[in-house]
Each structure stands twice: as C-alpha cells, then as structure tokens.
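Questions regarding the structure given below will be posed in turn.
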C-alpha cells in the first residue's frame, strides 16, 4: 500500500505551495534568466577582499607558495560548501533559514546563525562604501586634498612628496620645494639632495607622516584622542545615507530590481580593474612589484599560519556560511545546472583575486621604485591599502584626479553589489519565515526599508570619532574565522550524516540530470569538516591582540568580541533544543513537501555498505515519467 503523509500526499512527492494559493499572498519569484543568477553570485563573492586582502596574503605568506594551501582549501572546502549551500537553496526554494528547517528541523539554528553574520555584514561593510563615496567626491578636486600638507587637518609632522615620474622638473638641481611646506625656504636636509639614491636623509624624510595618512586619520576618521565614540562625523553620515539609498533602490523590488542592477555593478569593476592593471604594468618598477607578489618562498609552506590564512581567505571570499548563496540559489528554476554554475563562479573568483594582485602590486612596485625603498615599506592590507597606499600612488601619476575617480568608482561598485546582495539575502530569509505577512503587495518594499533604516542607525557609531575601533572589532570578531568554520562543520555534517549524502546526491541528480563529481560526497562526509575543525582549533590557540592606531580596546573589546562570536553560535544548540521540545520524533525528518525522486533508496552508503536506510518504504518503482508528476508548477 502506498505510504502517505498526513495530508494524503504520497511520500516523496512534493505538495503544491500552499502559501502561494492563499488570497493576497504572492507567488515566490524566480530569476528571469540564468545570467541574472550568475551576475548576482559574482557580485556577492567578488568584492573588496579580492583587492585588498588576497594580494597582501600572497606577499605575506611566501608569494606563489600561498597558492598551494589556497587551492587545497578551495578544492576541499570552498567549492564543496559553496555548491552545498547553492544546491540546497535551489532544491528547497527557500531562504537561508527555512531551507535548513525543511531539510532537517533541528538544524534551523544553523540558518539563524548565518543570518546573524549577515546582520553584522550589513551594519559594518557598508561603512567602507561611505568612505569610498567620500573619497570619490574629494577625487574631483585639484590638487587631490590628500596629496598636500597645506590643509586645515594637517599637522607639523606632515611632509608631502612629489613623484619623480609625474614631476621630473622638481628633481633637477636647484628645484624649489618650499611650496610643500608652510615655510619660506626648504628644510636644510633637502638642499643639495640626490633624489636618485637612498640615504639617511631619505630615511628621515620617510619617517614623517604623509598627507595621505593625515587625510585618512584627521579628515576622514577624525579620531578622538582617547578613542571614545564622541560625536558623529555628519559628512560621513551623509555618505552612509547615500550608500543605503543606493542599496535600497537596488533591492526594494526583490530580484526584479537586483537582478537587473547586477548587470552593471558586477561588470563595471572588471573594466576599472583592467584599466588600472594596464596602467600599473606600464609604470616603472612594476616588474619588481610583481616579482615580490609571486616569487615563491618554499620555507613558509610548513608554517601553520599560511594554511590558516588560506582557509579564512577562501571562506571569506566565497561568502559561505552566510545564507547568501542559499538565498540566491533559491530563486533558480528547479532544473538549473547549479553544479556547472558553481564551478564556473569559483574559478572566476579565484582568477579575479590573482588578477587583482597584478593590478595592486604593479602600482606598489612603482611606489617602491619611485621612493627608492624596499617593497615591504609600501605593502599594506585592508583599509590601509585602499585609503592610504593606493591613493598615494595615484596622486603621483599624471592626471591624478582621473585615476582616483576610476579607482574609487571601482571600490564603490565592488562593495555595492556585495552589500545589496547581503541585504537581499536577509530580506529573503525573513520573507520566507513569514510569507503570509510579507509576501503581499508592498510588503517587500516595507521590509527592505526597515532593514536599511535599522542598519543605517546601527552603523552610525562606526563613523563617529572613535568608530574605527568598533569597525575593526566587528570586522575581526563578527564574521570571524572561528564562527564560519564551526558553521561550515555543522552544515556538512547535517547534509552528509543526518539528511544523507546519497539522498542529497539523488536530489541534485534529479535537478541537473547527472551526479556531481563523487569526491564532493566524501568532502562533505570527512574531508571538509576535518580540515575546518583542525583549522578552527589552530585558530583558537593563536592569541589575538587587536590594536587600532596604537590603541588597544582592553577588556571591553575582548568582551564585545566574545559576544560577537558567541551570539550566532549559540543559535545552533538553542534551536536544536527547541526542535527537541516541539517534536522529538521528527527532529531529523525532512519536510514532506520536498521532492524526493528516489525515496526508497538508502540515504547514506559507504563502499557499497548501507549506513542509514531509507526513511520511506518503497511503494513503487520511480519511472522517468514520474518527473512529469513531480515537475515544477507552471509559472503561467
């Protein structure tokens, strides 16, 4: 006799979407075409980390040698988890929370934890866009305000320097440099100075604070002496508001609007990056910079730190364990080839990181060549690279305003599509949790506005006089390596050992028409959780002492950081206990409306041995024609 669910539907056959049938409740949308999905995913995973983090990690960890652990983590952790989350979203057609609830009720906390991390990202990541907008506005001025020392924010220790490349006439004997200083004659140590050779005078010259640093510290951040939050910098608040307005109008209609915007926001940075790359490699000293970027130092391959850096870079760059991939995949049509798309996107992301390194280090090589100093003195990472080092290099080029505008446009759009996709992910998760209330006309617009307004207000302390400390704390402990590695372990364990790797493989085959590479199954079962677990344990043994421009937050910073880490992780056991309290017998039972093409097959086998049997007794042989019965409802 055919086994049936409580609603009378044969087990393994999907039920209609009840929510969509209710009066006034809109049907869940789909991408208009596959390219919207591709561009949205590319916009999310290709961001500022490709430009300001990967090249620096390559240089720091032995140049080309860093690619060895990077690709190990990519193939055995990054791609498996990236594909797992995307396929989960496509299979369940649910956001980052309800997808886990449907696949395994007790794992709902995994989805909640990922959304907490998305909230962190929505609050602090957009602050970088506010800085970029501020710099973009200043880039239209001539001379660039960060290139001189005669501004109200400059101090006595500020000393500017012109480039021999852009101003060769300034480096001839007898040249007058007094215009760079608030004095009538040049300093004694600049007289009869040979600017073609490194000397002690040059060392003294370089130890002074550059105008780029003073612009960043005294004009943009306007840090208070004691690093207290102090007052809000209202020009930055206006930039933050503008960034949120741009983000809101990108996603307020859901994928109907964001799916169109990504055609521009995901491709424009590549054009800018290509232009900067071509300009960079044609500068004197570029070859030396590229050599430092890629020259392998095989002695570092045994350093555990290089493996930790590679792992955290892969997880950060691929946006895993944030629910974003699941949300974007959930808008795919059921039979979309997400396996092919994920492999292509992972290759694109890694290639972009490597290519960005060429663009960055060619310019840094030019700086080192022009200043006559080692590469180690100009290499930086994070905001220091984007808002101090790179602007300094651009100010030394002919037509510096033009190059500065191009650079900060690239930074703005690199961050913008990552930001609005994160907001889209959070809105999708909340909408799928409360479809009756939010999947109605106007509901999506109101929800997006509430998210934008709330995150804008929560982000205001980050642009106060001491806000850079909060920014660094959230950046370090919010989407931290420890949190993401633990979530990745739970995700792979739930799919592979609780739901069943073989059952999930059958679901994927039903969607794309063939089985993925078999190694993925064993990555989910053993390799990925093992590597993540070992990396997490090593990460926990390393003491982190966060200092922001010499200021150490102290005990309050440690407590705040611990709360940032604990808050998402505590969701996992809490919701597991809630599931245990609600229905102990069905804690691991998938939702009955999930489509199962092979419900009679074992859910997990190893070496042809059945580990976990089928949860549904066979009721008939599943023929090819069954796919017609289980097919997607027509969108007509």
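A quick yes/no check of all residues on (1) in contact (Cβ under 8 Å) with a residue 24 or more places away in the chain; (2) assigned to a helix (DSSP H, G or I):
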position: 247; (1), (2): yes, yes
position: 253; (1), (2): yes, no
position: 260; (1), (2): yes, yes
position: 271; (1), (2): no, yes
position: 280; (1), (2): yes, yes
position: 283; (1), (2): yes, no
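Give the number of residues within the range 328-347 that are more than 19 Å from residue 509 (Cβ to Cβ), in a helix (DSSP H, G or I) and in contact with a helix residue (DSSP H, G or I) (Cβ under 6 Å, 6 or more places away or on another chain).
Here the count works out to 3.
What number of residues in the range 509-537 are over 16 Å from residue 604 (Cα atoms) and out of contact with any helix residue (DSSP H, G or I) (no Cβ under 8 Å at 6 or more places or on another chain)?
6
Report yes if residue 319 is outside any helix (DSSP H, G or I) and under 18 Å from the mean Cα position of the chain (by Cα), otherwise no.
Spelling it out, residue 319 is indeed outside any helix (DSSP H, G or I) and under 18 Å from the mean Cα position of the chain (by Cα).
Now for a separate question. Here are 306, 354, 301: which of them is crowded, with 20+ Cβ neighbours inside 10 Å, over 30 Å from residue 94 (Cβ atoms) and either at pLDDT below 95 or in contact with a strand residue (DSSP E or B) (Cβ under 8 Å, 6 or more places away or on another chain) (or both)? If you could, list the steps in order and put the result at the bottom.
Numbers: 354 fails: crowded, with 20+ Cβ neighbours inside 10 Å; 301 fails: crowded, with 20+ Cβ neighbours inside 10 Å.
Exactly one residue qualifies, and that residue is 306.
Inside the range 427-444, can you point out the residues that are over 12 Å from residue 26 (Cβ atoms) and crowded, with 16+ Cβ neighbours inside 10 Å?
427, 428, 429, 430, 432, 433
Would you list the helices (runs of 4 or more DSSP H) that sit entirely within the range 416-506 and hold 3 or more residues that are closer than 27 Å to residue 132 by Cβ?
On the way: elements: 435-438, 443-459, 467-477, 481-493.
In the range 416-506, 443-459, 467-477, 481-493 are the helices (runs of 4 or more DSSP H) which contain 3 or more residues that are closer than 27 Å to residue 132 by Cβ.
Among the listed residues 485, 447, 460, which satisfies the condition of being touching a strand residue (DSSP E or B) at 6+ places or on another chain (Cβ under 8 Å), buried (at least 16 other Cβ atoms within 10 Å of the Cβ) and within 30 Å of residue 255 (Cα to Cα)? Quick ask: steps written out before the conclusion?
Details: 485 fails: touching a strand residue (DSSP E or B) at 6+ places or on another chain (Cβ under 8 Å); 447 fails: touching a strand residue (DSSP E or B) at 6+ places or on another chain (Cβ under 8 Å).
It is 460.
Looking only at the range 16-46, how many residues end up being assigned to a loop (DSSP other than H, G, I, E, B) and either surrounded by fewer than 24 Cβ atoms within 10 Å (Cβ to Cβ) or at pLDDT below 90 (or both)?
Within the range 16-46, residues that are assigned to a loop (DSSP other than H, G, I, E, B) and either surrounded by fewer than 24 Cβ atoms within 10 Å (Cβ to Cβ) or at pLDDT below 90 (or both) number 14.
The values are calculated or read from the model by the stated rules, or taken from the named source; none is laboratory data. Bear in mind the structure is a predicted one, so any value in this text is a computation, not a measurement. Note that each Cβ is placed from the backbone with ideal geometry, even for glycine, and that neighbours are counted across all protein chains shown.
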